[in-house]
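This report concerns only the one structure given below.
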Amino acid sequence: MEKIIKPTSGWAMLLLFFLVLGAGIALLALRQIPLGIVLIIVDLFFIAPGFIAIEPNNGRVLNLFGTYIGTIRESGFFYTNPFYAKKKVSLRAVTLDVPTLKVNDKQGNPIMIGAVVMYRVQDTFKATFDVENYPEFVKIQSEAAIRKLAGLYSYDNLEDETAVATLRTSSDEVNHQLAHEISERLQIAGIQVIEARINNLAYSTEIAGAMLQRQQATAIVAARSKIVEGAVGMVEMALEQLSRKNIVDLDEEKKAAMVSNLLVVLCGDRNAQPIVNTGTLHH
């Protein structure tokens, strides 16, 4: 468990450092060589190592002969026990761009998926002592979380029409689930996940062409259905108007011919070429 400590200001000890150093040099000048050398050695090897300067959003983990002493999270110039081992730990937010991975979705289709993870160290003790190398640990666990997430969702609704959420259409839900999955995996390392989101999503190259054709075919069928639905409505409206206003009296055979002609015109891909019939409907 992380333990926060407040170190002593280093400015008073810095003054002592220069006083002892000055005294040692003075003794050397007065030919008190042994005593001068002792003071300089004490100053350089027993006082100087205790100084520590910490930048904003950085910390130092202090360790004395294998025993965890605590963590300094304040920024400034401090003095600590010169025998402490000091390890620098960044407390800044870090953005990890997870390389695009080739995985299988819920339907077993190979897809390419990548993500961006923003995190920071929350517990310096866990990040330092519970894992070997926490940046590498974050990278590996993020990739594992992405692989698991891809297996929980279909890429889209083409393969699974009953799917409520898919990787392509439910980005908010997928990103929330990804952040939750990564957070659980990184708890052991004392890492806080700020944000995680999918930034690259596509079918794998070996099936991309086939899936594109399938998507285009689905879109064409949907568009055709709308056209037919609209055409039927227009024909129905035309017959109703003709009947109500008594413009022309049509029997069932004539109605069928008219409906057929109107549907051909309304549903055709090309512009209609109107033909004026100056004779009877039977010629």
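The values are calculated or read from the model by the stated rules, or taken from the named source; none is laboratory data. Fair warning: this is a prediction, and the values are worked out from it, not measured in the lab. Counting neighbours? That spans all protein chains shown, and the Cβs are built from the backbone with ideal geometry, glycine included.
For residue 104, are the conditions met, namely being surrounded by fewer than 16 Cβ atoms within 10 Å (Cβ to Cβ), over 24 Å from residue 87 (Cα atoms) and either touching a Cys at 6+ places or on another chain (Cβ under 6 Å) or polar (S, T, N, Q) (or both)? Yes; evaluated as a whole, the condition is true for this residue. Pairs linking a residue in segment 97-124 that is over 15 Å from residue 154 (Cβ atoms) to a residue that is aromatic (Phe, Trp, Tyr) and outside any strand (DSSP E or B), with Cβ atoms under 9 Å and 6 or more positions apart or on different chains, are 121/134.
Checked against the criterion of being over 30 Å from residue 67 (Cβ atoms), surrounded by 14 or more Cβ atoms within 10 Å (Cβ to Cβ) and among the hydrophobic types (A, V, I, L, M, F, W, C), segment 124-134 contains not a single residue that satisfies it.
Among the residues of segment 115-134, just one is within 23 Å of the chain's Cα centre (by Cα) and either farther than 19 Å from residue 183 by Cβ or at pLDDT below 90 (or both), namely 133. Take the residues in segment 145-181 that are small (Gly, Ala, Ser), over 19 Å from residue 195 (Cα atoms) and touching a strand residue (DSSP E or B) at 6+ places or on another chain (Cβ under 7 Å), then tell me which one is modelled with the highest pLDDT. Ranking the qualifying residues of segment 145-181, first place goes to 151.
Pairs linking a residue in segment 7-32 that is touching a residue at least 12 places away in the same chain (Cβ under 8 Å) to a residue that is of a type in the set (Phe, Trp, Tyr), with Cβ atoms under 6 Å and 6 or more positions apart or on different chains, are 7/78; 8/79; 10/51; 10/77; 10/78; 10/79; 13/79. Checked against the criterion of being in contact with a Pro (Cβ under 9 Å, 6 or more places away or on another chain) and closer than 29 Å to residue 75 by Cβ, segment 4-23 has no qualifying residue. On inspection, residue 184 fails the criterion of being charged (D, E, K, R) and either part of a loop (DSSP other than H, G, I, E, B) or surrounded by 16 or more Cβ atoms within 10 Å (Cβ to Cβ) (or both). When each of 137, 125 is tested for being in a helix (DSSP H, G or I), farther than 22 Å from residue 175 by Cβ and among the aromatic types (Phe, Trp, Tyr), the lone residue that passes is 125. Put simply, of 95, 80 the only residue that is surrounded by fewer than 14 Cβ atoms within 10 Å (Cβ to Cβ) and in contact with a Phe, Trp or Tyr (Cβ under 9 Å, 6 or more places away or on another chain) is 95. Note on segment 17-63: among residues that are aromatic (Phe, Trp, Tyr) and surrounded by 12 or more Cβ atoms within 10 Å (Cβ to Cβ), the one that is farthest from residue 80 (Cα to Cα) is 17. If you go through segment 75-96 and keep only what is part of a strand (DSSP E or B) and in contact (Cβ under 8 Å) with a residue 24 or more places away in the chain, you end up with 76, 77, 78, 79, 86, 87, 88, 89, 90, 94, 96.
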